[in-house]
Structure formats: C-alpha cells, structure tokens
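The values are calculated or read from the model by the stated rules, or taken from the named source; none is laboratory data. Nothing here was measured: the structure is a model prediction, and the numbers come from that model. Because the Cβ atoms are built from the backbone with ideal geometry, glycine has one as well, and the counts that use them run over all protein chains shown.
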Amino acid sequence: MRSFVFNGQPSRVVFGAGSLQHLEREVQQLGASRALVLCTPEQQPLAEVIAQRLGARAAGVYPKAVMHVPVETAQAAIAEAQRLNADCALAVGGGSTTGLGKAIALQSGLPILAIPTTYAGSEMTPIWGMTENGLKKTGRDARVLPRTVIYDPELTVSLPTGLTVTSGMNAIAHAAEGLYAQDSNPVMDLMAEEGIRALASALPKLRANPADIDARGDALYGAWLCGSVLGNVGMALHHKLCHTLGGTLNLPHAEAHTVVLPHAIAFNAAAAPDAMKKIARALGSADAALGLHRLAKDNGAPVALRELGMQEADIDRVAQIAVQNPYWNPRPIVPEALPALRDLLQRAWEGAAPIH
Ligand code: NAD
C-alpha cells in the first residue's frame, strides 16, 4: 500500500429524490434564521418556491448569479447579504450560483447551504473563483466549502439534455484527473471510479428520457463523488486547458470540458497507465480516451472546439499559456511538450478522435 494523506472535508450531505423536503430541518440545523436564497435569473421561480417554504427563515431572494462570478456581482451580493442581515447563503443552482455563495462566505464567513442542480461539483470543494477585468482568480479557503448539501435528483429533471450530458462530462473530468493526481489516495480513487461509472451509465438513459428519476439519481450521485475528488486532490493539464479556454477565450464551461477531456486523457495515457485502466473499466470501454470521446459523441455533445466558437488562430496562444504556468501533470508540461500540446488542441478544435 502506498503512503498518502487524506483530509476529510467537513460537509453534510442529504441525498435522495424528494430530499428538498428536509430543507427546513437543515436550515435549522445550521442555526440559521435568515437565509439569503441565491440563484441565476433563469432559476428565480425555483428560488422563490424555496424562500416561500422557509417563510420567516428566508431573508430574501438574490437572483443575479452569472457564470465565473464577476467581482462586481460578488460585491453587490455581499452588500445585499449585509443589508438583509442574512446569516446563511442558500445557493440553489449550478456552479455559478454556488460560486456566488462562496464569494459571500469568503468575505463574511456565512455558512453555505447548497442545493446543486447541475453536475459541476463546486458544492464539494473549498475552491472559490472570481473574475476581474477578464481574469479569473481562484483560491482555496475552508470557509467556502458548503456546510450542508441537499442533493435532490427531482430538481435536475429540468436540466436541458445538452447541459445534462456536458455537465456530466465536466464531472467525469474531475474524477479522471483525480485518478492520476500527484496527491491522489485510495479513497479518492474509489470515489473517482464509482463516480465515472455512475455518470457514464446514467447519461445515455437521460438522453433517452430526461425525466428518468433513477438515472437522475445515479448522475447526481456520480456528480457528488466526482466533485469530492475535485475538492480533495489536485487537477492537472485538462483543468489547466479548460481554465484557459474559459477564462481567456470565454468558451462555455461544461462544453469546453466535454471536448477537451478525451484529448487530455490521451495525452497523459502513457504516463498514467493505472488511471487509464480504472477510467476504461468505469466506462466499460477498452480505451479510456476513446471511451470518453464516444460517450460525448454518442450522446449528442459537442466534440470540436470550433463548434464552441474558438478560432483556429487561438490554438497557439492556449498552448503557450498551458506551458507557461503549468499545473502538475503526469506527463511533464515542459517547453518540449509544446508541439504535442498544439497537436492535442488542433485535434480538439477539429473534433477528431483522440490518439495516443
Ligand atoms: P451554471 O451554474 O452557469 O448553470 C448553467 C445554466 O443552467 C444557468 O443558466 C442555470 O440557471 C441553468 N440551470 C442550472 N441548473 C438547472 C436545472 N436543473 N434546470 C434548468 N436550468 C438549470 O453552470 P455549471 O456548469 O453548473 O457551473 C459553471 C461554473 O461553475 C463555472 O464558472 C465554473 O468555473 C464553476 N465551477 C466551480 C467549481 C469550484 O470548485 N469552485 C467547480 C465546478 C464548476
């Protein structure tokens, strides 16, 4: 058995179809009496229902969450939480909404109760992100890890099929990179493999029937496991590339993850054979990278960066950024790797199958 360090993250998870019924109990358990309900403008109706259910325990609804947490949005939300004397940030939505809750918690120390409605996994991590003048800053802080997470698959039935598949691939990316992380450990490996398995089996069922509540449950369970991996171990080349594609080129988050993942995995295949075996086994495929490519393609997800609006001329810039400040990666990201990185991005841009 290898040596490792494992840090348990102190969050409480309430899981199951209909588990929103435990909302009042969970708010009470946090000792909160004035929860500020955060959401995107599109999810305001759901947030209003939640606020109504909480009655006097809700301080109000703040429906202004947007992607990548612009610093102005964060400041306005922090001011609103102070004005309303809120004692809890209740984030109902995807990673953008959880991210806004984290910005409030980072500044004020308010506890977060998260009710995730996508598979992005932010609710399981102590990682915050904020964007200022087009640059995304991220950091880790124990205060931003949600204290309670209610996972209710019923709230994900409305997630459009396209986003269901790409958000699921986004979750799988956390687990896949966690399997070759420098600081990986056997517990996270178990969660990662099981998370990939749960999502890979659920996505085709959800494409066929988005209201399949058992498959919604499997997908959300997978998202929980994959998000836990993201919160516990370091990420590598794939996340670096997606961070650049999102932060610098403003490509959509889940879709960019979906396109890049098979290629990043192929790039690392020879350097991380054990991780490849586990990914392939979880996908039920002979090859990890090809299995991921097929999972996306067969379920109607984009497989080309050009479909997401990226210009071919940007390939060089993204490759340069990835080499300049690399994350640790099983295949070293050294200047000599630049041609192979460009090739990876070229294939991802064109929508070619991954090769290794
Ligand atoms: P999102 O939160 O931006 O949501 C995308 C869209 O889907 C929004 O319009 C939202 O209102 C809508 N939506 C969400 N759930 C829905 C549902 N059930 N039904 C109908 N519509 C629904 O997208 P995301 O992919 O969840 O989050 C992406 C953001 O999260 C990025 O900014 C990313 O950087 C961040 N993120 C952070 C972490 C972290 O650990 N800090 C982890 C993962 C993602």
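Looking at (1) without any contact (Cβ under 8 Å) to a residue 24 or more places away in the chain; (2) buried (at least 21 other Cβ atoms within 10 Å of the Cβ), which is the one condition that is false for Ala319?
Tallying (1) without any contact (Cβ under 8 Å) to a residue 24 or more places away in the chain; (2) buried (at least 21 other Cβ atoms within 10 Å of the Cβ), Ala319 fails exactly one: (1).
Name the one entry in Leu36, Leu54, Leu20, Leu46 that is assigned to a helix (DSSP H, G or I), more than 15 Å from the ligand (Cβ to nearest atom) and modelled with pLDDT of 95 or more.
Among Leu36, Leu54, Leu20, Leu46, only Leu54 is assigned to a helix (DSSP H, G or I), more than 15 Å from the ligand (Cβ to nearest atom) and modelled with pLDDT of 95 or more.
With surrounded by fewer than 24 Cβ atoms within 10 Å (Cβ to Cβ) and more than 30 Å from Phe267 (Cα to Cα) as the only criterion, which of Gly109, Gly93, Gly162 stands out?
That would be Gly109, the only listed residue that is surrounded by fewer than 24 Cβ atoms within 10 Å (Cβ to Cβ) and more than 30 Å from Phe267 (Cα to Cα).
Answer with yes or no whether Ala81 is more than 13 Å from the ligand (Cβ to nearest atom) and among the hydrophobic types (A, V, I, L, M, F, W, C).
yes
More than 21 Å from Leu155 (Cα to Cα) and near the ligand (Cβ under 10 Å from one of its atoms) - does that describe any residue in segment 63-70?
Yes, because at least one residue in segment 63-70 is more than 21 Å from Leu155 (Cα to Cα) and near the ligand (Cβ under 10 Å from one of its atoms).
Considering every residue within segment 347-356, establish whether at least one is aliphatic (A, V, I, L, M) and either within 23 Å of the chain's Cα centre (by Cα) or assigned to a helix (DSSP H, G or I) (or both).
Checking segment 347-356: at least one residue is aliphatic (A, V, I, L, M) and either within 23 Å of the chain's Cα centre (by Cα) or assigned to a helix (DSSP H, G or I) (or both).
Could you list, in sequence order, all residues of segment 299-315 that are exposed (fewer than 14 other Cβ atoms within 10 Å of the Cβ) and of a type in the set (D, E, K, R)?
Correct list: Glu307, Glu312.
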